[in-house]
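Novice: Here it is, the structure in full.
The values are calculated or read from the model by the stated rules, or taken from the named source; none is laboratory data. Note that the structure is a prediction, hence the values are computed from the model and not measured. Cβ atoms come from the backbone with ideal geometry, glycine included; neighbour counts cover every protein chain shown.
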Amino acid sequence: MENTLGNSLVAPSPTRKFSARAALVDLHETSRSLLSECFRQFGIDSVAMTGERAERLASEKFEACVVRVGSKATTVLESARRSRSNSRMVIYGLGGTIKEALNLSQFGINAIFHEPLERPAAMKLVRSTQMLVLHEFRRYARVPVITQVSVLAGSNHRQFEASSVEVSSGGMSLKCAQEVASGLPVEVSFALLTLPRVWVRGNVSWTKAAGKIFGVRFDHGDARRLKVKEWVESYLES
C-alpha cells in the first residue's frame, strides 16, 4: 500500500519543450501518428492540417512541412514558399514517385518518406535531417534537396538524367538509372530554388548500389562551383 501511495506521489516528468514545428498536411491518421512520434523524438512538434487550411503556411511560422506528393501538393507548397518566414522551411514529400517529386522541384522538396511508411526508415530520415529543421546549421554542411540533374559523363560526353539527394559547397550526391564508375569525369547541370541553372565540372568520387547512387566532387578549378557554394551558405544562414 505504501509503495503504491509512494509511486502515485512521484512528480510527473516535465513536458518536453518543442523548439520547432512541422506541418503535416492531408496525411492519413496512421501516417500522421507515426511521423508525429518520429518528430517528437527530436523535439519537433507536429501540427496536423488539411490542404484547405494551407494558408496557415503563409501566415504562421513552421520549420518543416510534410505533404503528400502529387498535383494537390502544388497549392500547399506555393503557399509555403510565398511566405517570407517559411520560404526556407524543410519540405518532406510523402509517397509518390521520383518523377512526381521532380515535377515539384521548383519548390525545393528536401526529402521523401517512401510508402508503405515504416517506422525505422521514417526515423532514419528525420534523424538525418533534424539538424536542418532545428537550425543547427553549424553541424549540417549539406542540404538535402531533390531536383533534376543533367549529367555529361566521360570523354564521349554520354548524357543521362539523375536526381539529386544532397548538395554541398564541394559536391553533390545523386541517384540515376545508369551505372556510373568511380573516377569518371562529369559535368552536371541543375537549378535550385533561387539558384538559376548552373553547370559545374567534377569527378565521381564514390559509388554504391551498383553505381546507381554516386557522389560528385566539384572541380576546384571550375569557378562556376562558387555559385553553388554561395547558394548553400545562403540557404543555411537564412
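Novice: Is there any pair linking a residue in region 163-176 that is in the same structural domain as Leu226 (by TED's automatic domain parsing) and over 13 Å from Lys208 (Cα atoms) to one that is small (Gly, Ala, Ser) and modelled with pLDDT of 95 or more, with Cβ under 7 Å and at least six apart or on different chains, and which?
Specialist: From residues that are in the same structural domain as Leu226 (by TED's automatic domain parsing) and over 13 Å from Lys208 (Cα atoms), the pairs are Val165/Ser173; Glu166/Ser173; Gly171/Gly202; Gly171/Ser205; Gly171/Gly215; Met172/Ser164.
Novice: Do any helices (runs of 4 or more DSSP H) entirely within region 15-92 hold 2 or more residues that are free of Cβ contacts under 8 Å to residues at least 24 places away in the same chain and farther than 24 Å from Arg142 by Cβ, and if so, which? Give the steps one after another, and end with the answer.
Specialist: Numbers: elements: 29-40, 56-59, 73-82.
Counting at least 2 such residues, we get 29-40.
Listed here are the residues, each with its yes/no results for (1) more than 19 Å from the chain's Cα centre (by Cα); (2) within 14 Å of Asp219 (Cα to Cα); (3) part of a loop (DSSP other than H, G, I, E, B).
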site: Ser169; (1), (2), (3): no, yes, yes
site: Leu174; (1), (2), (3): no, no, no
site: Glu179; (1), (2), (3): yes, no, yes
site: Gly183; (1), (2), (3): yes, yes, yes
site: Glu187; (1), (2), (3): yes, yes, no
site: Ala191; (1), (2), (3): no, no, no
site: Arg197; (1), (2), (3): yes, no, no
site: Gly202; (1), (2), (3): yes, yes, no
site: Ser205; (1), (2), (3): yes, yes, no
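Novice: Further question on the same structure: Within region 207-238, how many residues turn out to be within 21 Å of the chain's Cα centre (by Cα) and acidic (Asp, Glu)?
Specialist: Of the residues in region 207-238, 3 are within 21 Å of the chain's Cα centre (by Cα) and acidic (Asp, Glu).
Novice: Separate question: Residue under question is Phe160, and the condition is that it be more than 25 Å from Cys38 (Cα to Cα) and either surrounded by fewer than 17 Cβ atoms within 10 Å (Cβ to Cβ) or in contact (Cβ under 8 Å) with a residue 60 or more places away in the chain (or both); does it hold? Talk me through it step by step, then tell me what you get.
Specialist: Values: more than 25 Å from Cys38 (Cα to Cα): yes; either surrounded by fewer than 17 Cβ atoms within 10 Å (Cβ to Cβ) or in contact (Cβ under 8 Å) with a residue 60 or more places away in the chain (or both): yes.
Yes: the conditions hold for Phe160.
Novice: Just give me the residues in region 43-68 being within 16 Å of His135 (Cα to Cα) and crowded, with 18+ Cβ neighbours inside 10 Å, in sequence order.
Specialist: Of region 43-68, the ones within 16 Å of His135 (Cα to Cα) are 43-45, 61-65.
Selection gives Ile44, Phe62, Glu63, Ala64, Cys65.
Novice: Filter region 85-111 down to residues that are touching a helix residue (DSSP H, G or I) at 6+ places or on another chain (Cβ under 8 Å) and not charged (D, E, K, R), then give me how many there are.
Specialist: First, the residues of region 85-111 that are touching a helix residue (DSSP H, G or I) at 6+ places or on another chain (Cβ under 8 Å): 86-94, 104, 107-111.
Now narrow it down to the ones that are not charged (D, E, K, R): 86-87, 89-94, 104, 107-111.
Residues flagged as touching a helix residue (DSSP H, G or I) at 6+ places or on another chain (Cβ under 8 Å) and not charged (D, E, K, R) within region 85-111 amount to 14.
Novice: Looking only at residues in region 210-234 that are in a loop (DSSP other than H, G, I, E, B) and touching a residue at least 24 places away in the same chain (Cβ under 8 Å), which one is nearest to Ser168 (Cα to Cα)?
Specialist: Out of the qualifying residues, it is Arg224.
Novice: In addition: Could you tell me how many of the residues in region 69-101 are at pLDDT 90 or above, surrounded by fewer than 18 Cβ atoms within 10 Å (Cβ to Cβ) and under 22 Å from Val167 (Cβ atoms)?
Specialist: So the count comes out to 1.
Novice: Then there's this: Are any residues in region 171-192 within 29 Å of Arg82 (Cα to Cα) and crowded, with 17+ Cβ neighbours inside 10 Å, and if so, which ones?
Specialist: Scanning region 171-192 gives Gly171, Met172, Ser173, Leu174, Val188, Phe190, Leu192.
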